[in-house]
Amino acid sequence: MIWLLLIILAVLVLLEMPIVFALPASALMYLMITDSIPPMLVVQRVASGLESYVLLAIPLFIFAGNLFNSAGIATRIFDFASACVGHIRGSLAHVNIVASVIFSGMSGVAQADAAGLGAVEVREMKKRGFSAEFSAAITAVSSIIGPIIPPSGIMIIYAVLANVSVPDLFLAGIVPGVLMSFFLMLFVYWLAKTGRIVAPVLPRKTPIEIGLSFWRALPALAAPVFLITGILTGFATPTQLGALTVVYAIFLGFLTRDLTFSSLWGSIQDTVVTCGVLVFIIAAATPFSAILALESVPQQLAIVLLSISENPLIVLLIVNISLLIFGMVMDTTAILLVAVPVLVPVMAALGIDPVHFGIIMVINLLIGTLTPPFGILLFVMSEVAKVEYKPLLRQTAPFYIPLFIFLIVITYWPALSLSLPNYIFAR
Amino acid sequence: MDGIRKFVRRALFRIAQVEMIFAATILVGIVFMIFAQVLLNAGLGRPITFEQEAGAYALVWLTFIGASIALKQMRHVTIVSFVGKLPYRLKHFVRAIIFALVLWTLYILIRELSPIMAIEGRSTTVALPFDFPRSYFFSVPLMISCLLMTLTSALFFIEAVVGTLSRAVDMTLLTPIKGEAR
């Protein structure tokens, strides 16, 4: 009967019911129809599903990202990245990627990168002769680096659901995040070299100019360093580091006079609403997840997957393809909430490390935010850059090649994800 | 009818302002509390013992109030499919069905929450300086959020019905509640 639950959910989502209501509505309808479990048992979990100190890191990192955006940090980061890599063939497209890598150390959600730093990037790229569509496309693609490099809202949710350590996941994301940026830069270089994009190159900056832009960006660059150091030394928990980053961003914003009380209030308002959107889905999905668990779906799925193959490589391939398909039609957090409790036990049975699987899942779902028909980042960038959806999609499509190759590399080379946490925590 | 609708929108906007001040206070409070905890722990070796418990409870309130504001601003994640492309009245008809289902979901949640509140109220907080019933931090904020979202959803449902029945196109229907002109 579990198919009934999925069909109801699919119909409600297609009728454009907000996901936060579609998840509990489908669960409650299922319970009414099947009369299997008293609704009180699942409703009870809605509020208690949020009883987690770790989850508190999500609004704090969102707040920090909003503050850095309000405090004009994006421009300083962009200028520094421009001084470093603007002269390479591909020019500002490389700058866009490098700036995203730096900004990813401060913000936990891709949308903050796309909407905040993205606005600066698109404006500068258009000024330098890049097409608006390509500028928006590369910004959308590079913004998914954000949630791979710590801090990351999506990783925190995965960590809570899969019961794995947040610092482990954060550290496991660093190498893949940097590697992804190399993949994208190589691809941009190839696009520029073969004349597929018009990318006017900037003049090479002198060491003094680079030094000056570094000095201006230094306060912003200190944030990710401070965060990683905090995680490595165990000085504070990820949640505490989130709060410290917020305090640092406020201090920095007022020190540089880029942050006003008005923009601070704007950041607070945006954080409250984003938290209400993002974290509330976790609570709203608990009845749905509870039914999946009570109906033994993870066990049934394990039997089905293992009947196809007991080879972890093949199972991972099947899971990757399934997640990519779901990522095209569903919200990232919603998939995470439904899929993690189902898939993590199966992966454990196959001997796949839950931290490694977390990185695979995060990357996979982030690619989903760039794929049609419901790629959220495409909608965000279409709005930010004021471009049509279809031309934007046409410019984004070639980037699926390096992203899929990257996903395969991360899937079948666990050491890329696990080496750093294993080395740091001496396992 | 239009006057009543605008009055309700203005009232909901005022409620949203109060919700925002409340949620903003919680958010700022969380930051200060955790910052103080780190300073006290690192500097004096005297951590705030209730920081983790209070932080988790604050997150629940922040999320549920934020969700209510997000509904008023129509910011909840929705997969945009074909509904927006339907003819005006049919589109509003589909939206009316959706908001009726949202109201039904909220009704079930509110109905089931009443006994849960009583059960949760029997246990109290662990580390906070004062003993509060645990329901204050779980079922009560959820109940308040559900009630507030019911008000908003009822307005959107009525607007969807108005759009379904009216012949003239009204672009002010089913728009985010962000301060209404008198």
- Item | Meets criteria (more than 23 Å from A:Ile228 (Cα to Cα), in a helix (DSSP H, G or I) and not aliphatic (A, V, I, L, M)) for A:Phe68 | no
- Among the candidates A:Ala339, A:Ala285, A:Ala302, A:Ala293, which residue alone is surrounded by fewer than 20 Cβ atoms within 10 Å (Cβ to Cβ), touching a residue at least 12 places away in the same chain (Cβ under 8 Å), among the hydrophobic types (A, V, I, L, M, F, W, C) and in a helix (DSSP H, G or I)? A:Ala293
- Out of (1) more than 25 Å from B:Ile30 (Cα to Cα); (2) of a type in the set (Phe, Trp, Tyr); (3) at the interface with chain B (Cβ under 9 Å from one of its Cβ atoms), what's the single condition that is false for A:Tyr53? (1)
- Output the residue which, of all residues in segment A:19-35 that are without any contact (Cβ under 8 Å) to a residue 24 or more places away in the chain and surrounded by fewer than 23 Cβ atoms within 10 Å (Cβ to Cβ), is farthest from the chain's Cα centre (by Cα). A:Asp35
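So if I check each of A:Ile33, A:Ile73, A:Ile37, which one is among the β-branched types (Val, Ile, Thr), under 17 Å from A:Gln111 (Cα atoms) and more than 10 Å from chain B (Cβ to nearest Cβ)?
So the residue among A:Ile33, A:Ile73, A:Ile37 that is among the β-branched types (Val, Ile, Thr), under 17 Å from A:Gln111 (Cα atoms) and more than 10 Å from chain B (Cβ to nearest Cβ) is A:Ile73.
Kindly indicate which of B:Ile69, B:Ile79 is within 7 Å of chain A (Cβ to nearest Cβ), without any contact (Cβ under 8 Å) to a residue 12 or more places away in the chain and under 20 Å from A:Ile281 (Cβ atoms). Please lay out each step first, then the result.
Working: B:Ile69 fails: without any contact (Cβ under 8 Å) to a residue 12 or more places away in the chain.
Only one candidate qualifies: B:Ile79.
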- Does segment A:211-228 contain any residue that is among the hydrophobic types (A, V, I, L, M, F, W, C) and under 19 Å from A:Pro414 (Cα atoms)? no
- Note on the structure: Residue set B:Arg95, B:Arg122, B:Arg89; condition touching a Gly at 6+ places or on another chain (Cβ under 8 Å), at negative phi and exposed (fewer than 15 other Cβ atoms within 10 Å of the Cβ); output residue B:Arg89
- Counting only residues that are crowded, with 22+ Cβ neighbours inside 10 Å and either in a helix (DSSP H, G or I) or touching a strand residue (DSSP E or B) at 6+ places or on another chain (Cβ under 8 Å) (or both), segment A:103-115 contains a total of 7
- Query: Taking interchain pairs and intrachain pairs at least six residues apart, which have beta carbon atoms under 6 angstrom, with the first residue in segment A:261-280 and touching a residue at least 40 places away in the same chain (Cβ under 8 Å) and the second not in a helix (DSSP H, G or I) and not acidic (Asp, Glu)?
  - Reply: A:Val277/B:Arg75; A:Val277/B:His76
- Exclusive hit being under 20 Å from B:Thr25 (Cα atoms), more than 10 Å from every other protein chain (Cβ to nearest Cβ) and assigned to a helix (DSSP H, G or I), set A:Ser213, A:Ser181, A:Ser263: A:Ser263
- Query: Do we find a residue being in a helix (DSSP H, G or I), among the hydrophobic types (A, V, I, L, M, F, W, C), facing chain A (nearest Cβ under 9 Å) and exposed (fewer than 15 other Cβ atoms within 10 Å of the Cβ) anywhere in segment B:31-54?
  - Reply: yes
- Message: Here are the criteria: (1) more than 17 Å from A:Val54 (Cβ to Cβ); (2) free of Cβ contacts under 8 Å to residues at least 12 places away in the same chain; (3) assigned to a helix (DSSP H, G or I). Tell me which single one A:Pro219 does not satisfy.
- Response: (2)
- Item | Enumeration of residues in segment A:231-260 that are facing another protein chain (nearest Cβ under 10 Å) and modelled with pLDDT under 85 | A:Phe235, A:Ala236
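One line per residue, one yes/no per condition, for (1) farther than 28 Å from B:Phe93 by Cβ; (2) facing chain A (nearest Cβ under 9 Å); (3) in contact with a Gly (Cβ under 6 Å, 6 or more places away or on another chain); (4) assigned to a helix (DSSP H, G or I):
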site	(1), (2), (3), (4)
B:Ser114	yes, no, no, yes
B:Ala118	yes, no, no, yes
B:Asp131	yes, no, no, no
B:Ile144	yes, no, no, yes
B:Leu151	no, no, no, yes
B:Val161	no, no, no, yes
- Item | Condition check for A:Val201: outside any helix (DSSP H, G or I), surrounded by fewer than 20 Cβ atoms within 10 Å (Cβ to Cβ) and β-branched (Val, Ile, Thr) | yes
- Task: Go through B:Thr25, B:Thr105 for me and flag whichever is at negative phi, part of a helix (DSSP H, G or I), at the interface with chain A (Cβ under 8 Å from one of its Cβ atoms) and polar (S, T, N, Q).
- Result: B:Thr105
- Message: Suppose we filter A:Val43, A:Val13 for residues that are surrounded by 15 or more Cβ atoms within 10 Å (Cβ to Cβ), within 26 Å of the chain's Cα centre (by Cα), touching a residue at least 12 places away in the same chain (Cβ under 8 Å) and facing another protein chain (nearest Cβ under 10 Å); which single one remains?
- Response: A:Val13
- Task: Just give me the residues in segment A:234-261 being exposed (fewer than 15 other Cβ atoms within 10 Å of the Cβ) and charged (D, E, K, R), in sequence order.
- Result: A:Arg257
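Considering only residues that are part of a helix (DSSP H, G or I), within 14 Å of B:Trp104 (Cβ to Cβ) and among the aliphatic types (A, V, I, L, M), which ones fall in segment A:6-22?
The answer is A:Ile8, A:Leu12, A:Ala22.
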- Task: Could you check how many residues of segment A:110-149 are over 24 Å from A:Phe63 (Cβ atoms) and acidic (Asp, Glu)?
- Result: 2
- Search result, residues across segment A:23-65 that are farther than 11 Å from A:Ala290 by Cβ and part of a loop (DSSP other than H, G, I, E, B): A:Asp35, A:Ser36, A:Pro38, A:Leu50, A:Glu51, A:Ser52, A:Tyr53
- Does segment B:79-102 hold any residues that are in a helix (DSSP H, G or I) and either of a type in the set (Val, Ile, Thr) or under 21 Å from the mean Cα position of the chain (by Cα) (or both), and which are they? B:Val83, B:Val94, B:Arg95, B:Ala96, B:Ile97, B:Ile98, B:Phe99, B:Ala100, B:Leu101, B:Val102
- Go through segment A:184-198 and give me each residue that's over 26 Å from A:Gly153 (Cβ atoms), in contact (Cβ under 8 Å) with a residue 40 or more places away in the chain and in a helix (DSSP H, G or I). A:Leu186, A:Phe187, A:Val188, A:Tyr189, A:Leu191, A:Ala192, A:Lys193
- Item | Among (1) within 14 Å of chain B (Cβ to nearest Cβ); (2) more than 23 Å from A:Ile174 (Cα to Cα); (3) at pLDDT below 85, the one test that A:Gly327 misses | (2)
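The values are calculated or read from the model by the stated rules, or taken from the named source; none is laboratory data. Quick caveat, the model's predicted, so the values are computed rather than measured. Cβ: placed from backbone, ideal geometry, glycine included. Neighbour counts: every protein chain shown.
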